[in-house]
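The values are calculated or read from the model by the stated rules, or taken from the named source; none is laboratory data. Just so we're clear, the structure is a prediction, and the values are computed from it rather than from any experiment. Cβ placement follows ideal geometry from the backbone for every residue including glycine, while neighbour counts extend to all protein chains displayed. Surface accessibility is based on the protein's heavy atoms, side chains included, excluding ligands, DNA and RNA. Shrake-Rupley method; radii C 1.70, N 1.55, O 1.52, S 1.80 Å.
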Amino acid sequence: MKYTVSIEIALPRERAVQLLADPAHLPKWLRGLVLHEPLSGVHGQVGTTSRVVMQMGRQKIECTETITRREPVDLREIPKTSVVHFDREIVGEGMWSAVRDRLTETGPETTLWESENEYRFNGILMKLVGLLMPGAFRKQSLQHMRDFKAFAELGKDVREAQD
């Protein structure tokens, strides 16, 4: 299953990238995040592997995330003409996913965040989930993007909304 979602953020690209790349901010906008800890490498750097635990309703999902691309490598010096790329692979029980995020400057104060998502499922149960609920994956990706937008533009923290 493959899909692409996008959202425009009313911030300069450099600021949106800084907020997105900072691990301290993850719990503020990544709804359901219980844990995101590097197992090897430095958070956000290519090759870094992290343990990720998400709470979705009553179910906890644990997976391993590996950063496969980050361009430019040094986010303090982003050329105006370049697109910022954050790519990662996520592996969990019965599932493999690749996420390819692109952040493009669309104006002096606006950024377009496009996210290509690909999922592959193993096992009967996960294949059924993928077949019967493909819209749920897209909906969740969009929710994460909307939550990031609310955090980045307005300072809204998803943890406060969940309490």
So Asp22, is it under 28 Å from Ala136 (Cα atoms) and not β-branched (Val, Ile, Thr): yes
Qualifying residue in segment 52-59 (condition: part of a loop (DSSP other than H, G, I, E, B) and over 14 Å from the mean Cα position of the chain (by Cα)): yes
Residue satisfying all of: in segment 5-28; touching a residue at least 24 places away in the same chain (Cβ under 8 Å) and within 21 Å of Thr48 (Cα to Cα); most open to solvent (accessible area, probe 1.4 Å) among these: Gln18
Residue under evaluation Glu105, criteria (1) out of contact with any helix residue (DSSP H, G or I) (no Cβ under 8 Å at 6 or more places or on another chain); (2) buried (at least 17 other Cβ atoms within 10 Å of the Cβ), criterion not met: (1)
Residue check, Leu33 touching a Leu at 6+ places or on another chain (Cβ under 8 Å), open to solvent by less than 50 Å² (accessible area, probe 1.4 Å) and within 20 Å of Glu116 (Cα to Cα): no
Residues of segment 123-159 classified as modelled with pLDDT under 85 and not in a helix (DSSP H, G or I), total: 2
Some residue of segment 91-100 being among the polar types (S, T, N, Q) and either part of a strand (DSSP E or B) or under 17 Å from the mean Cα position of the chain (by Cα) (or both): yes
Only one of Glu114, Glu77 that is in a loop (DSSP other than H, G, I, E, B) and not small (Gly, Ala, Ser): Glu77
Residues being open to solvent by 30 Å² or more (accessible area, probe 1.4 Å), of a type outside the set (A, V, I, L, M), on the phi < 0 side of the Ramachandran plot and touching a residue at least 24 places away in the same chain (Cβ under 8 Å) - total across segment 37-65: 4
